[in-house]
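Every number here is computed from the coordinates shown, using simple stated rules; none is lab data. Only a predicted model underlies this, so the values are computations on that prediction, with no experimental measurement involved. Ideal geometry is used to build each Cβ from the backbone, glycine not excepted, and the neighbour counts take in all protein chains shown.
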Amino acid sequence: MKKSNDNNALARSQRELFVGIRDFIVFKFKRMVVFNGVRDFTKMKFLSIELGKCENIKDLEKLCHTIYNQGTKHILMMRVVFLFFDYFCKHLKVKRLRLLNEEMLVNFLFELAKQRKINSMAKMAKYVMYIRQIF
């Protein structure tokens with residue numbers, strides 16, 4: 001992936017969150033992938049390297065979509081991570097990521113439930129689990 005100028009637009013806390021999300025997705029990807037042969041291994045190894053090189057959230061989201069299309073369906077639940085990043089950039093103004101508190105996360109999940117009309121408690125529990133694992 002080529003480097004873009006989107007990094008310069010990110011505040012320090014947003015950049016911290018992006019790096020945390022990228023590292024989390026790389027970790028989860030390496031744990032979730034089931035290899036069905038040498039071709040799969042080389043393809044997934046390439047995608048793993050590309051994930052580590054991502055420099056902006058849009059490229060990371062595109063790669064996650066590519067991974068989903070390759071058959072790793074668990075990556076779909078990572079969508080909540082990208083939604084949280086958008087919410088963080090638009091609504092939360094914190095100087096350091098460690099200043100983020102539980103109330104802010106609860107507000108995000110509440111807004112997400114209102115907007116998406118999430119009626120499955122299992123899905124909401126998975127969202128909470130993924131958000132919790134990042135922090």
Highest GNM mean-square fluctuation, the chain, Cα pairs closer than 10 Å: which of Phe18, Phe27, Phe84? Phe27
Measuring from the longest principal axis of the C-alpha atoms of the chain, the long axis of helix 121-134 (C-alpha) lies at a number of degrees, nearest 10, equal to 80
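What do you get for trypsin sites (Lys or Arg not before Pro) in segment 51-100 restricted to DSSP loop and a cutoff of at most 10 other Cβ within 10 Å of the site's Cβ?
Working: sites: Lys53, Lys58, Lys62, Lys73, Arg79, Lys90, Lys93, Lys95, Arg96, Arg98; in loops: Lys93, Lys95, Arg96.
For trypsin sites (Lys or Arg not before Pro) across segment 51-100 that sit outside H, G, I, E and B with at most 10 neighbouring Cβ atoms in 10 Å, the list reads Lys93, Lys95, Arg96.
What number, in percent, do you get for the relative contact order of the chain if the mean sequence gap of Cα pairs under 8 Å and at least 6 apart is divided by its residue count?
Details: 82 pairs, mean separation 41.1, N = 135.
Relative contact order comes out at 30 percent.
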In degrees, nearest 10, the alpha-carbon axis of helix 12-32 is tilted away from the dominant principal axis of the alpha carbons of the chain by 40
Give the angle, between 0 and 90 degrees and rounded to the nearest 10, that separates the Cα long axis of helix 38-53 from the longest principal axis of the Cα atoms of the chain. 40
Answer in debye to the nearest 20: the dipole magnitude of the chain about its Cα centre, from +1 Lys/Arg and -1 Asp/Glu charges placed on Cβ, is 100
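In which sequence would Glu103, Glu111, Glu50 go, from the one with the fewest C-beta neighbours within 10 Å to the one with the most?
Numbers: Glu103 8, Glu111 13, Glu50 17.
Listed from fewest to most nearby Cβ atoms, that is Glu103, Glu111, Glu50.
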Using a 10 angstrom cutoff on alpha carbons, build the Gaussian network for the chain and name the most mobile of Gln14, Gln70, Gln115. Gln115
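Mind jotting down a quarter of the surface of the convex hull over the alpha carbons of segment 6-134, in square nanometres, one decimal?
Working: hull surface 32.5 nm².
Taking the Cα atoms of segment 6-134, their convex hull projects to 8.1 nm² on average.
At 222 nm, what helix-only mean residue ellipticity would the chain give, in deg cm²/dmol to the nearest 500, using -39500 (n - 2.57) for each DSSP H run of four or more? Intermediate values should be presented prior to the final figure.
Values: 7 runs with 96 residues, N = 135.
Computed ellipticity for the chain at 222 nm equals -23000 deg cm²/dmol.
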